[in-house]
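J.: Handing you this structure, nothing more for now.
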Amino acid sequence: DWEQYGADIYDAGDGLSTIGYGHVIKFAAEGKKYANGITGTEALELLKGDMPYYENLVKKAITTYFSQNQFDALVIFTFNMGRLSRADQLVDAVNNRVSNSQLQGIWYQYTSSRPNPRQGVLNRRMDEFQIWTNRNYTRDY
């Protein structure tokens, strides 16, 4: 469970209307469509529909070779951030192939614009980086 399922429209803490596994509601008509909530199956379909967008963002931004697990980590990171344009320093670090220890410090900088980031965001960054470095798709907590 990388994302928490929400059957009803909710604010994920960033002021955006969200439903399912992090699908951002972009138009009023879409908000009306989901006003009565969605099932888990519908949420998975929304997530599957959203993924090509984030995969393409990563493919366009990263100009160097990376493994499948590294691609997966970047797609998850991008999905959680909403876009890679907010993470120029991370994109540069990946493209310049910095060491994993340097990359980890940069990766973890993207926790929040708040002085005290939520633990869930910190956990996401740790999970993403575990996928990047260790091909570890399981949580340790």
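J.: Given A61, A87, A93, A73, which one is touching a residue at least 12 places away in the same chain (Cβ under 8 Å) and under 25 Å from Y5 (Cα atoms)?
T.: On the way: A61 fails: under 25 Å from Y5 (Cα atoms); A87 fails: under 25 Å from Y5 (Cα atoms); A93 fails: under 25 Å from Y5 (Cα atoms).
Residue meeting the stated conditions: A73.
J.: On to the next question. For V75, are the conditions met, namely being in contact with a Ser or Thr (Cβ under 9 Å, 6 or more places away or on another chain), at negative phi and not in a loop (DSSP other than H, G, I, E, B)?
T.: Details: in contact with a Ser or Thr (Cβ under 9 Å, 6 or more places away or on another chain): no; at negative phi: yes; not in a loop (DSSP other than H, G, I, E, B): yes.
Here the answer is no, as V75 does not meet what is asked.
J.: Could I ask something else about it? Please find, within region 78-116, the residue that is modelled with the highest pLDDT out of those that are part of a loop (DSSP other than H, G, I, E, B) and of a type in the set (K, R).
T.: As a first pass, look at region 78-116 and keep what is part of a loop (DSSP other than H, G, I, E, B): 82-83, 87, 96-99, 110-116.
Add one more test, that the residue is of a type in the set (K, R), and what stays is 83, 97, 114.
On the way: R83: 78, R97: 95, R114: 62.
If we take residues in region 78-116 being part of a loop (DSSP other than H, G, I, E, B) and of a type in the set (K, R), then R97 is modelled with the highest pLDDT.
J.: Condition first: open to solvent by 40 Å² or more (accessible area, probe 1.4 Å) and closer than 21 Å to L16 by Cα. Can you find one or more residues in region 84-93 that meet it? Can you show your working first?
T.: Just the residues of region 84-93 that are open to solvent by 40 Å² or more (accessible area, probe 1.4 Å), to begin with: 85-86, 88-89, 92.
With closer than 21 Å to L16 by Cα added as a condition, the list becomes 85-86.
Yes, some residue in region 84-93 is open to solvent by 40 Å² or more (accessible area, probe 1.4 Å) and closer than 21 Å to L16 by Cα.
J.: Mind checking which residues of region 100-111 are among the small types (G, A, S) and open to solvent by less than 50 Å² (accessible area, probe 1.4 Å)? Reasoning before the result, please.
T.: First, pick out the residues of region 100-111 that are among the small types (G, A, S): 101, 105.
Answer for region 100-111, where residues must be among the small types (G, A, S) and open to solvent by less than 50 Å² (accessible area, probe 1.4 Å): just G105.
J.: Ok, one more. For residues in region 67-84 being under 17 Å from D50 (Cβ atoms) and polar (S, T, N, Q), which is nearest to the chain's Cα centre (by Cα)?
T.: Among residues in region 67-84 that are under 17 Å from D50 (Cβ atoms) and polar (S, T, N, Q), the one nearest to the chain's Cα centre (by Cα) is N80.
J.: Count, please, the residues in region 22-67 that happen to be outside any helix (DSSP H, G or I) and either open to solvent by 80 Å² or more (accessible area, probe 1.4 Å) or in contact with a strand residue (DSSP E or B) (Cβ under 8 Å, 6 or more places away or on another chain) (or both). Give the steps one after another, and end with the answer.
T.: Of all residues in region 22-67, those outside any helix (DSSP H, G or I) come to 22-27, 34-39, 62-67.
Narrowing further to those that are either open to solvent by 80 Å² or more (accessible area, probe 1.4 Å) or in contact with a strand residue (DSSP E or B) (Cβ under 8 Å, 6 or more places away or on another chain) (or both): 24-27, 34-39, 63, 65.
Qualifying residue count, region 22-67: 12.
The values are calculated or read from the model by the stated rules, or taken from the named source; none is laboratory data. Fair warning: this is a prediction, and the values are worked out from it, not measured in the lab. Positions of Cβ are backbone-derived with ideal geometry, glycine not excepted, and every protein chain shown enters the neighbour counts. SASA here: full protein model, heavy atoms, side chains in, ligands and nucleic acids out. Shrake-Rupley method; radii C 1.70, N 1.55, O 1.52, S 1.80 Å.
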